[in-house]
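Here the structure comes first, spelled out in structure tokens, and everything after it is commentary.
The values are calculated or read from the model by the stated rules, or taken from the named source; none is laboratory data. None of these values were measured; they are calculated from a predicted model. No Cβ is skipped: glycine too gets one built from the backbone with ideal geometry, and neighbour counts run over all protein chains shown.
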Amino acid sequence: MQNREMYDRKTQSAAPDIAYAKGQWLEAKEWSACERDMLHALLQENEQYTKAQVNALLQHFLIQEVK
């Protein structure tokens, strides 16, 4: 079992982050309706983003101070 866990970690970390366009992120089922609304405002139409970038943008938006 331990070997399987090590293999899973290696394959997950070795896999490159795939970037997707704004429309693809908005259609993803992993986001709530509220998160999709935020992504619609935060993501640029002509850019592609990895999951890590999208998560970072959401987190930054959620923790910023209200003006």
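For the range 39-52, the candidate set comprises residues that are surrounded by 10 or more Cβ atoms within 10 Å (Cβ to Cβ) and free of Cβ contacts under 8 Å to residues at least 24 places away in the same chain; within that set, the residue that is farthest from E27 (Cα to Cα) is L42.
When you scan the range 1-50 for helices (runs of 4 or more DSSP H) that lie fully inside it, which ones turn up with 3 or more residues that are closer than 22 Å to L62 by Cβ and modelled with pLDDT of 90 or more?
22-27, 33-42
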